[in-house]
Amino acid sequence: MSVMTYREALNHALREELARDERVFVIGEEVGLYEGAYKVTQGLLKEFGPRRIVDTPIAESGFTGVGIGAAMVGLRPVVEMMTFNFALLALDQIVNSAAKLNYMSGGQFNVPIVIRGPGGPAHQLAAQHSQSMEVYFYHVPGLKVVRPSTPADAKGLLKSAIRDDNPVIFIESETLYNVKGEVPDDADFTIPLGQAAVRREGSDVTVIAYMGMMYRAMEAAEDLAKDGISVEIVDPRTLQPLDSPTILASVRKTHRAVVVEAGAGFAGMGSELSAVITEQAFDDLDAPVERVTGVPAPMPYARNLEKAKTPSKERIVEAVRRVCYANGTGSR
Amino acid sequence: MAVTRVVMPKLSEQMETGKIIKWLKQEGDRVQSGDILAEVETDKADVEMEAFGTGQLRKILVPAGNAAPVGTLIGVIAEPGEDIASVVGQAGGDAAAPAPKAVAAEMASRPAEVPPQPRREDPAARTPSPSAGPAAPDRPVVAPPPAAPAPRPSTAAPTVGPGPSPGAERVKASPLARKIAAQSGVDLRLVQGSGPGGRVVRRDVEAASATPADRSAASAAPVGAEFEDRPLSQMRAVIARRMPLSKAPVPHFYVSSEIAMDRAWTLREELNGLEGQPKISVNDFVVRACALALLQHPGVNASFQGESIRVFHRAHIGIAVALEDGLITPVLRDADTKSIARIAAEARDLAERARVRKLRVPELSGATFSISNLGMLDVTEFSAIINPPEGAILAVGAVRTVPVVTADGLGVGRRMMVTLSCDHRVMDGAMGARFLQDVKRLLEEPLRLLV
């Protein structure tokens with residue numbers, strides 16, 4: 001185990017996979033000479049050279065298409081989006097090519113590509129650069145979608161994503177790059193895609209959250225513990241495929257669920273989780289599943305408004321109290 | 001706009017349903033806020049129910065003689081011509097009603113000895129706006145009652161008792177609550193929901209299933225059968241529910257003593273011979289003796305509180321009064337500070353009002369110790385079940401004339417057996433015995449009771 005930042009954990013994963021498998025290469029804007037807009041690819045150009053670490057023009061659709069084509073003929077590209085919001089420019093490549101070619105070619109081609117980069121609300125990146133981009137991808141059959149919340153997950157899941165034979169959307173977060181945590185050194189350390197993690201055990205309510213919202217939920221859980229409400233926190237880690245057994249097991253234990261997501265709630269991940277829980281654990285629920293989501297508005301630049309748009313600890317606490325029937329009265 | 005919903009009030013901690021004895025106002029009568037609308041029979045007493053709004057009593061949804069769960073809409077007060085259809089239509093099917101929670105919170109926040117009474121509240125606050133303001137605190141609708149009053153109630157068959165009736169409206173309950181209810185045989189229609197809008201949630205079912213008496217099972221037997229199943233009266237149901245809550249979890253032990261009552265008897269006859277004094281009973285002596293002894297033995301005047309033992313500094317004595325269909329234990333407060341004559345007067349008043357069920361709610365709880373006397377029924381001795389959360393109860397037998405051994409040989413004496421039932425979690429045998437010793441001494445030297 002080493003303590004390292006989330007950014008370093010990603011870097012280690014890339015380095016290990018680049019060393020392990022010569023089919024792996026990194027492509028994107030400023031990944032080489034500049035060593036990554038967020039320094040995730042630091043040192044890789046020097047170590048692996050320009051054939052493996054490829055700088056591109058500002059042309060997301062183009063270099064994503066290059067990556068998909070390379071994947072079809074046997075390479076394992078890791079495409080970096082400087083911010084995942086730019087993936088909108090490559091949406092046709094991702095949705096219509098990467099996700100569907102295996103199906104449309106009758107299994108003749110698979111597309112083992114990883115498209116990675118930061119997404120979600122950060123620090124005053126405003127309307128166009130703060131979007132929870134996962135919602136655009138997990139809806140598409142054929143894509144896997146990963147949102148790693150911790151340094152260890154960042155490493156273990158990125159390595160699994162690179163080794164996966166299908167296209168994987170791997171969305172990091174600007175706000176987590178400097179988060180430190182223990183990360184296994186083992187070059188064969190991976191975390192399987194589709195495996196949720198219980199971040200905190202509890203008995204009264206299950207809170208499902210990932211990325212920054214997971215950390216906020218942990219803070220809310222601390223506050224709630226003082227009031228005698230025991231919160232279990234489940235981090236799905238992979239949104240597609242979703243580890244519903246772990247989530248359902250937790251809800252069957254606590255009988256209540258609150259889903260937190262940073263993005264606007266309508267048809268969001270919270271909606272999907274709520275539906276899964278309601279369909280499959282209905283008889284175990286003692287309260288409706290609550291969603292705590294971002295306000296449905298473009299992300300404002302102003303700091304105070306950015307804060308107001310994003311789910312707060314207080315809103316998580318309130319939702320938990322509601323499903324525990326502990327709102328206001330303090331009695332449960 | 002002043003549509004006031006009249007709901008079955010929660011008049012005691014145990015109250016789940018109340019029966020309308022009679023409506024003092026009829027449909028069409030003018031009603032002022034604070035007027036007595038009806039008399040309600042609860043598990044313990046008959047209580048007058050106040051109006052919380054002013055207008056015309058437009059609708060009576062639960063006719064006299066019928067019972068309804070706490071929080072059920074039982075009537076509507078509004079100005080003539082106001083549209084009450086939506087309110088009436090909501091009977092039993094309301095949404096977003098915070099009141100049950102409010103009631104629960106209120107109950108929780110009140111000290112046990114002061115059960116809530118029907119209170120006058122700001123009529124405005126009792127008047128929900130048509131848009132169902134979340135602030136309206138009295139929109140209690142709980143689990144719809146058995147035979148929830150339908151929108152056209154006057155022709156509906158009246159319901160008797162709290163038993164379920166076919167065709168009752170759907171109970172709002174969480175899926176988990178339904179599952180647990182099905183597993184434990186709890187009838188959701190009899191459970192008062194504490195969730196939003198009266199939703200029955202897990203804790204409500206768990207609380208109900210902790211209650212062994214399945215009231216729904218009390219159905220009438222066929223005519224001519226070998227037996228009949230009589231529905232539990234409200235009081236019997238409460239006794240049936242509460243007594244196992246004492247006997248099972250409270251480890252009882254018993255300490256008995258025989259008390260020479262010769263001098264007390266003589267003293268009582270003397271006192272009763274005095275002009276203008278209330279009649280004093282043997283039990284009044286026992287009450288006074290216990291009150292004084294309790295102050296000397298605070299360990300007996302105590303209640304088990306789970307993490308602690310609450311020791312009372314005042315002696316509030318519950319006096320068991322037998323009624324036709326059960327018993328009730330009105331509380332004689334601060335008995336240690338009261339003279340025998342005052343105790344006699346108060347005890348008689350409490351017992352008389354208990355028999356006609358006119359006790360006020362505060363007189364029904366808060367005892368720190370109880371006395372049950374079956375002497376008038378010629379019982380020699382018996383053991384009583386502790387009335388939780390009290391720590392002890394004294395069972396008193398008859399004063400008998402028996403042969404006794406005296407210094408001179410054999411004589412005739414008056415003797416009375418008493419048995420103290422004690423909660424072993426609170427006290428031990430010796431503590432109970434020492435208390436009893438003092439009670440005995442006070443009764444055997446009864447002048448001590450007068451000074």
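The values are calculated or read from the model by the stated rules, or taken from the named source; none is laboratory data. All of these numbers come straight from a predicted model, not from anything done at the bench. Cβ: placed from backbone, ideal geometry, glycine included. Neighbour counts: every protein chain shown.
Quick look at the values:
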quantity: Selected residue (criterion: farthest from residue B:286 (Cα to Cα)) from residues of the range B:384-410 that are out of contact with any Leu (no Cβ under 9 Å at 6 or more places or on another chain) and part of a loop (DSSP other than H, G, I, E, B); calculated: B:408
quantity: Those residues of the range B:174-200 which are over 21 Å from residue B:70 (Cα atoms) and more than 7 Å from chain A (Cβ to nearest Cβ), in sequence order; calculated: B:180, B:182, B:183, B:184, B:185
quantity: Qualifying residue in the range A:309-327 (condition: among the aliphatic types (A, V, I, L, M), outside any loop (DSSP other than H, G, I, E, B) and within 14 Å of chain B (Cβ to nearest Cβ)); calculated: yes
quantity: Boolean, residue A:227 is away from chain B (no Cβ under 14 Å) and either over 22 Å from residue A:154 (Cβ atoms) or among the hydroxyl-bearing types (Ser, Thr, Tyr) (or both); calculated: yes
quantity: Members of the range A:273-303 that are more than 14 Å from chain B (Cβ to nearest Cβ), at pLDDT below 95 and in a helix (DSSP H, G or I); calculated: A:303
quantity: Of all residues making up the range B:240-257, the number that are surrounded by fewer than 17 Cβ atoms within 10 Å (Cβ to Cβ), part of a helix (DSSP H, G or I) and not basic (Lys, Arg); calculated: 4
quantity: Condition met for residue B:277 (among the polar types (S, T, N, Q) and farther than 25 Å from residue B:447 by Cβ); calculated: no
quantity: Considering residues of the range B:201-230 that are more than 14 Å from chain A (Cβ to nearest Cβ) and part of a helix (DSSP H, G or I) only, the residue modelled with the highest pLDDT; calculated: B:208
quantity: Residues located in the range B:321-358, provided they are within 27 Å of residue B:271 (Cβ to Cβ), under 12 Å from the mean Cα position of the chain (by Cα) and not in a helix (DSSP H, G or I); calculated: B:329, B:330, B:331
quantity: Selection count where residues are within 24 Å of residue A:78 (Cα to Cα) and either surrounded by fewer than 18 Cβ atoms within 10 Å (Cβ to Cβ) or among the charged types (D, E, K, R) (or both), scope the range A:183-211; calculated: 8
quantity: Count - residues of the range A:229-254 that are free of Cβ contacts under 8 Å to residues at least 40 places away in the same chain and outside any helix (DSSP H, G or I); calculated: 4
quantity: Test: residue in the range A:104-126 that is aliphatic (A, V, I, L, M), more than 22 Å from the chain's Cα centre (by Cα), part of a loop (DSSP other than H, G, I, E, B) and within 21 Å of residue A:165 (Cα to Cα); calculated: no
quantity: Qualifying residue in the range B:394-408 (condition: of a type in the set (A, V, I, L, M, F, W, C), in contact (Cβ under 8 Å) with a residue 60 or more places away in the chain and over 23 Å from residue B:267 (Cα atoms)); calculated: no
quantity: Residue list for the range B:286-301, filter: of a type in the set (Gly, Ala, Ser) and surrounded by 24 or more Cβ atoms within 10 Å (Cβ to Cβ); calculated: B:289, B:291, B:293
quantity: Checking residue B:310 against (1) loosely packed, with under 14 Cβ neighbours inside 10 Å; (2) assigned to a loop (DSSP other than H, G, I, E, B), the condition it does not meet; calculated: (2)
quantity: Test: residue in the range A:95-105 that is among the β-branched types (Val, Ile, Thr) and either more than 24 Å from residue A:24 (Cα to Cα) or buried (at least 23 other Cβ atoms within 10 Å of the Cβ) (or both); calculated: no
quantity: Of the criteria (1) of a type in the set (Asp, Glu); (2) in contact with a helix residue (DSSP H, G or I) (Cβ under 8 Å, 6 or more places away or on another chain); (3) under 20 Å from residue A:272 (Cβ atoms), which one residue A:243 fails; calculated: (2)
quantity: Qualifying positions in the range A:255-266 - within 22 Å of residue A:300 (Cβ to Cβ) and not in a strand (DSSP E or B); calculated: A:265, A:266
quantity: Options B:53, B:18, B:71: the member that is under 29 Å from the mean Cα position of the chain (by Cα), at pLDDT below 80 and either outside the structural domain of residue B:325 (by TED's automatic domain parsing) or more than 24 Å from residue B:197 (Cβ to Cβ) (or both); calculated: B:53
quantity: Number of positions in the range A:30-75 that are touching a residue at least 60 places away in the same chain (Cβ under 8 Å) and among the aromatic types (Phe, Trp, Tyr); calculated: 1
quantity: Within the range A:275-290, tally of residues that are out of contact with any Lys or Arg (no Cβ under 6 Å at 6 or more places or on another chain) and surrounded by fewer than 20 Cβ atoms within 10 Å (Cβ to Cβ); calculated: 7
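Conditions (1) in contact with a His (Cβ under 6 Å, 6 or more places away or on another chain); (2) closer than 26 Å to residue A:298 by Cα, marked per residue:
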residue: A:25; (1), (2): no, no
residue: A:35; (1), (2): no, no
residue: A:66; (1), (2): no, no
residue: A:83; (1), (2): yes, yes
residue: A:87; (1), (2): no, yes
residue: A:91; (1), (2): no, yes
residue: A:103; (1), (2): no, no
residue: A:113; (1), (2): no, no
residue: A:118; (1), (2): no, yes
